[in-house]
1. Could you grab me the full set of residues in region B:80-97 that are more than 18 Å from B:Ser155 (Cβ to Cβ) and either more than 7 Å from every other protein chain (Cβ to nearest Cβ) or in a helix (DSSP H, G or I) (or both)?
2. Tell me, please, whether a residue that is surrounded by fewer than 20 Cβ atoms within 10 Å (Cβ to Cβ), free of Cβ contacts under 8 Å to residues at least 40 places away in the same chain, outside any helix (DSSP H, G or I) and more than 9 Å from every other protein chain (Cβ to nearest Cβ) can be found in region B:2-13.
3. With A:Leu231, A:Leu226 as the choices, which residue is aliphatic (A, V, I, L, M) and out of contact with any Lys or Arg (no Cβ under 7 Å at 6 or more places or on another chain)?
4. Report yes if A:Arg160 is of a type in the set (Lys, Arg), more than 28 Å from A:Leu73 (Cα to Cα) and touching a Gly at 6+ places or on another chain (Cβ under 6 Å), otherwise no.
5. Which numbered condition trips up A:Ala40, out of (1) crowded, with 17+ Cβ neighbours inside 10 Å; (2) among the small types (Gly, Ala, Ser); (3) more than 7 Å from chain F (Cβ to nearest Cβ); (4) more than 30 Å from C:Val95 (Cβ to Cβ)?
6. Please go through region C:83-109 and give me each residue that is outside any helix (DSSP H, G or I), modelled with pLDDT of 80 or more and more than 9 Å from chain E (Cβ to nearest Cβ), ordered by number.
7. Of all helices (runs of 4 or more DSSP H) completely enclosed by region F:55-129, which ones contain at least 2 residues that are facing chain A (nearest Cβ under 7 Å) and farther than 26 Å from D:Val4 by Cα?
8. Does A:Leu131 satisfy the condition of being in contact with a Ser or Thr (Cβ under 6 Å, 6 or more places away or on another chain), touching a residue at least 40 places away in the same chain (Cβ under 8 Å) and at the interface with another protein chain (Cβ under 10 Å from one of its Cβ atoms)?
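The values are calculated or read from the model by the stated rules, or taken from the named source; none is laboratory data. These numbers come from a predicted model, not from an experiment. Positions of Cβ are generated from backbone atoms using ideal geometry, with glycine treated the same way; all protein chains shown enter the neighbour counts.
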Amino acid sequence: MKASEVFVLVSIIVFIFSLAYITSLGGLGQLPPVNVRVLAQRYLELTWNPLKPFMSSSGYESVTAIVWDFRGLDTFFETAVFYGAIIAAIAIYRGVKITGKGKTIGMSPIARTITRLSIVLIPTVAASIALHGHLTPGGGFQAGSVATVVAVLIIMVFGRKAIIRKGLTKSRILLLRSLGLLGIGFTAVALLLAAIALGVNAYIFQNQPKPFAPLGFPKIYDGMILGGSLLLFNFFEFIAVTAGFTLVLLLLSLDEKDVRKVVVEK
Amino acid sequence: MNLRSAIPAMILSFIIYIIYTGSVSPYDLITGVIVAVIVGLLAGEIVVKDPGKALDPKRLAYLVKYTFWYFFVAEVKAHADVIKRALSPKMPLNPAIVRVPYYVETDYAMTTIANSITNTPGTVVVDIDPDRKIFYVHWIDAKTSDPGEARKMISLEFEENAKKIFD
Amino acid sequence: MILNALLIYIGEALVAVGVFCDLAASIGMIRFPNFYTRLHAATVGTIGGAVVPLVGVALMALGADWLGNYRFFLAGASIVAGILILLLAPVGSHVLAQAAHKAGLAPREPIAFDHLEEDRRRGEEK
Amino acid sequence: MIEVFTLAFLMLVSVASVVAAYLAIRERDMVKAIVFSAIQSAMYALIFYVLMAPDIVLVYIPVSVGITPAVLLFVTKKTERYDGD
Amino acid sequence: MISLHDEITLFILAVFPIYLFAFTLYIIRAVRGPTIPDTVLAIDALSFDIAAFLALLAIIYQSPILIACTIVLALWVYALDIYVSKYFTAEEMGE
Amino acid sequence: MNLSLMTAYVVVISLYVNLGIALYGIFARPSLVKKLLAITILSDTANAFAVLVGYRWPKTGTPKPPVYTNSTFNNQTLHYYVSHAVDPLPQALVLTAIVIGLAVTVFIAFIIIQYYRLHGTVDVRKARR
């Protein structure tokens with residue numbers, strides 16, 4: 001071990017101990033506590049509360065309600081950040097041709113057959129997670145990241161070129177991703193547009209009717225809990241996240257010598 | 001898009017959706033049908049080659065019978081054997097990789113045999129040669145090195161059933 | 001009521017079998033000498049130790065009526081998880097074994113005879 | 001009674017996560033390090049599960065056990081496998 | 001005569017220590033495993049068993065909705081197998 | 001000192017140790033890929049802290065996930081839910097933090113590949129010369 005390494009180690013240990021000391025003085029309090037904070041109690045109360053229709057959200061699940069209703073604007077910008085990171089990654093690969101020509105090697109026939117079968121099973125489960133995001137744990141992010149496993153498996157088991165030959169080229173995946181983002185944006189302002197047409201008031205990211213803003217997404221119909229805008233947000237986020245992850249993995253799986261020709265000699 | 005090959009995929013997708021959500025409320029039925037139609041249309045051609053075979057009730061009956069036989073007879077025997085080996089103090093092992101030929105045509109039948117072999121403890125398919133139709137099976141207690149004998153001991157019953165179901 | 005009790009007892013029996021397989025598999029994982037023999041112990045762990053208890057949990061959940069309506073979700077999701085493990089786990093072991101043999105990652109001894117190695121050599125000579 | 005066993009499980013999982021994280025950082029072979037970091041992520045997922053956060057488990061396992069190792073293995077394949085001298 | 005509810009709780013608490021012992025052995029194999037396939041195989045078996053164990057925990061906590069996590073665990077650990085074997089057999093990961 | 005408090009401290013201490021290990025990896029290991037791995041461990045540990053702060057153990061019964069599971073609604077069920085469910089706010093924040101963290105990781109990964117193409121190494125000590 002060299003002197004610099006020892007110095008780093010000692011300073012890290014001192015830092016951690018000071019952090020732990022501050023925490024034990026009352027930063028985290030006693031763990032685990034009996035009660036949660038007042039703000040959290042408010043959120044829990046208002047998630048599903050027919051007695052307070054103007055303040056409550058429209059689903060059973062508190063996390064989804066916070067993510068897409070109480071704090072929807074934050075999540076929208078977060079999705080935009082993810083989109084920006086993908087655009088920045090594509091910028092590095094500008095000019096690289098992505099084609100489906102040439103032969104693929106892939107893996108053993110047993111893995112191929114099972115992967116083909118799982119193309120039906122896994123998206124079904126993912127869609128179930130997305131469409132029940134307001135009733136059970138789940139939602140757009142979760143379902144999107146579950147559905148990405150199909151993309152990973154196809155890239156690894158059949159080869160990258162197979163996914164392109166099936167029609168999922170780079171521009172189409174980007175289009176799908178943009179459609180998802182547009183859908184989220186449209187759901188956010190849909191009530192605003194409707195309110196302008198009808199001549200009443202509405203807020204951006206409004207889910208349920210509020211005082212002074214009488215419009216709202218359907219909450220419950222014939223005994224079925226529809227979840228209002230949460231359902232739409234979850235669905236569009238599912239599409240956007242799946243397409244984004246697929247695009248990232250597709251770019252990462254490009255052959256190094258093809259990329260090198262374009263990127264380094266430029 | 002081939003509509004006929006999409007139907008079995010749709011049915012499979014719908015069944016999985018309903019089992020996973022575990023309820024038959026109108027909301028689940030409606031969304032289940034929508035999801036099944038979309039997934040079936042997208043994946044039908046990749047998954048199902050011959051739609052007539054997939055909906056044949058005789059083959060499905062064989063599949064159910066095979067599942068029961070497999071779980072209650074083959075698996076129990078193999079599990080008992082490997083657990084005995086793992087827990088006995090002397091640990092009797094005689095591992096080897098043997099050739100096991102197979103004589104089925106379709107991919108699904110081949111995969112059924114291979115997965116059945118791997119899922120019974122004591123035998124694992126290490127590699128496969130699809131041109132010469134040979135599995136290379138790692139066998140924890142190699143009783144023979146002759147491919148024909150090994151096939152009789154390891155995969156004959158799986159193969160007969162797989163032939164009835166998929167070929 | 002009797003049906004509930006029956007379901008719960010069958011489920012508990014299956015879970016008990018699963019726990020025993022799990023324990024045997026983990027002991028086998030420690031004791032077996034090389035990677036290829038440990039594959040067999042891992043198979044015991046996945047089929048006997050995961051699929052069987054998942055089915056057992058599904059039966060227990062169907063019988064446990066104090067869990068409310070969501071118990072059908074519990075049962076269905078564990079059945080689907082069991083089916084997926086049954087399909088995917090053997091493929092996982094197979095591709096791992098194939099990669100280990102092809103790239104020579106793990107020692108093969110002790111082994112009585114190795115037909116795959118023979119055939120591969122013969123293929124290279126040709 | 002449930003409390004005691006829950007907390008015993010948490011203890012085992014957190015100790016295992018420390019071991020896995022240490023090995024992931026010390027290991028010179030990047031492939032091994034990535035596999036160890038996958039163990040560490042799985043252990044964190046169990047902590048999240050016991051802390052009653054199913055939503056986070058649902059998004060954390062795909063991201064940390066699935067996609068991050070995939071990205072890092074892609075990077076390792078394209079660059080160098082061994083770290084340091 | 002105890003109720004079914006208490007009986008299930010007692011049963012799960014009885015199998016709990018065995019599970020913990022088995023997990024400890026798996027983790028030891030995963031950490032010690034002389035080669036990479038050993039480690040990956042141990043993680044594989046460990047995760048499938050943990051999937052079954054999490055289902056039991058969902059019953060004992062009386063929160064059936066926790067079950068959604070098991071399927072995700074089972075799926076992605078399989079993907080880890082595929083990555084590692086692809087890494088060692090192929091020239092480029094996307095072939 | 002009761003048992004639950006002790007175990008909570010074990011979890012907290014192990015998280016601190018992981019934090020230290022991750023910081024050591026970021027500062028002392030030469031490979032850029034290893035640094036990226038350490039960054040992911042660091043962010044995961046921070047997320048685990050956030051969720052740990054939102055945990056609770058109610059006086060009666062076990063804690064519940066923050067999902068309302070009763071199909072009927074009255075004051076009693078609502079009170080049961082509010083007094084047993086854990087804090088949903090840190091979970092919602094961590095949920096978005098994980099996805100942003102993944103986006104950052106992917107972006108850094110692309111930059112590392114580009115760095116290797118231009119410099120021929122991912123070792124910061126060799127690249128300095």
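1. Here is the first cut: in region B:80-97, the ones more than 18 Å from B:Ser155 (Cβ to Cβ) are B:80, B:83-94.
Result: B:Ala80, B:Ile83, B:Lys84, B:Arg85, B:Ala86, B:Leu87, B:Ser88, B:Pro89, B:Lys90, B:Pro92.
2. No; the residues of region B:2-13 include none that is surrounded by fewer than 20 Cβ atoms within 10 Å (Cβ to Cβ), free of Cβ contacts under 8 Å to residues at least 40 places away in the same chain, outside any helix (DSSP H, G or I) and more than 9 Å from every other protein chain (Cβ to nearest Cβ).
3. On the way: A:Leu226 fails: out of contact with any Lys or Arg (no Cβ under 7 Å at 6 or more places or on another chain).
Criteria check complete, one pass: A:Leu231.
4. Working: of a type in the set (Lys, Arg): yes; more than 28 Å from A:Leu73 (Cα to Cα): yes; touching a Gly at 6+ places or on another chain (Cβ under 6 Å): yes.
For A:Arg160, the condition - of a type in the set (Lys, Arg), more than 28 Å from A:Leu73 (Cα to Cα) and touching a Gly at 6+ places or on another chain (Cβ under 6 Å) - is met.
5. Failing condition for A:Ala40: (3).
6. Initially, region C:83-109 is screened for residues outside any helix (DSSP H, G or I), giving C:104-109.
Narrowing further to those that are modelled with pLDDT of 80 or more: C:104-108.
Of everything in region C:83-109, those that are outside any helix (DSSP H, G or I), modelled with pLDDT of 80 or more and more than 9 Å from chain E (Cβ to nearest Cβ) turn out to be C:Gly104, C:Arg108.
7. Working: elements: F:75-84, F:88-119, F:124-128.
Fully inside region F:55-129 and qualifying: F:88-119.
8. Details: in contact with a Ser or Thr (Cβ under 6 Å, 6 or more places away or on another chain): yes; touching a residue at least 40 places away in the same chain (Cβ under 8 Å): yes; at the interface with another protein chain (Cβ under 10 Å from one of its Cβ atoms): yes.
Taking the combined requirement at face value, the residue satisfies it.
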